[in-house]
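In what follows, a structure is listed as structure tokens, so that the remarks can point back to it.
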Amino acid sequence: MIALTHEGGSTLGGWRPVALPPAPPASSPAVRQVLQRNGRRDTAPELALRRELHALGMRFLVDASPAGTSKRRRSDVVVRGSRLAVLVHGCFWHRCPVHFHAPKANAEWWGLKFASITARDADTEQMLRAAGWLPVVVWEHEDMVTAARQILALHRERRSAGTEPREPPGELRAAGWLPARSPGAEGAG
Ligand SMILES: [Zn+2]
């Protein structure tokens, strides 16, 4: 698991989708399977991570846009109390350093595709940081029990450091429109 605490560049919001040529036909059954899984939520690693987080008593949003970021950039797990945005990255699409092998066929198209994904990831991470979220990347190959424990540790660390969710305006709460939030109402603590 990687908590992306480093500072990024200064191209926030500068990412634009790259116009790729149409995808070539899948060159092998393995590639076809990967293509079919792309973009789906509730993949096996996401489900495994969520199960482990639940087992640790954590509460979180699933497949949500963290407040202050683009509605089109969803994080797989969003822990509001500590402003953690967890991104479960597939080893193929995000080019995991352990397992990634570039497809041999249609190399040029894949090169563009991967560059586009990398640029988008960097932009998402910057957007999250700019809005006060900590982006956390979990690779699909990781042990999710360990990853969940690390996320819980980060959650506690940030909670005790005073990273609080943005409160609704005080006057609304005082007027009785919204319930007051009690500290520790969200997530394990
Ligand atoms: Zn991997």
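Just so you know, all these numbers are worked out from the coordinates, no wet-lab data involved. This one's a predicted model, so the numbers in the text were calculated from it and none came from an experiment. So basically every Cβ, Gly included, is an ideal-geometry build from the backbone, and we count neighbours across all protein chains shown.
Stretching L61 away from H99 to a fully extended chain increases their span by 10.8 nm, per 0.36 nm per residue minus the current alpha-carbon distance.
Positive contributions from Lys and Arg (+1) and negative ones from Asp and Glu (-1), summed over other residues with Cβ under 13 Å from the Cβ of Q150, come out at -1.
This model, with +1 at the C-beta of Lys and Arg and -1 at the C-beta of Asp and Glu, gives region 39-174 a dipole about its Cα centre of some 260 debye. Per-residue packing, averaged as other Cβ atoms within 10 Å, sorts the ranges 93-105, 50-62, 72-84, 148-160 into the order 72-84, 148-160, 50-62, 93-105, beginning with the highest. Computed from the C-beta positions of L20 and Q150 and an R0 of 30 Å, the FRET efficiency is 0.30 to the nearest 0.05.
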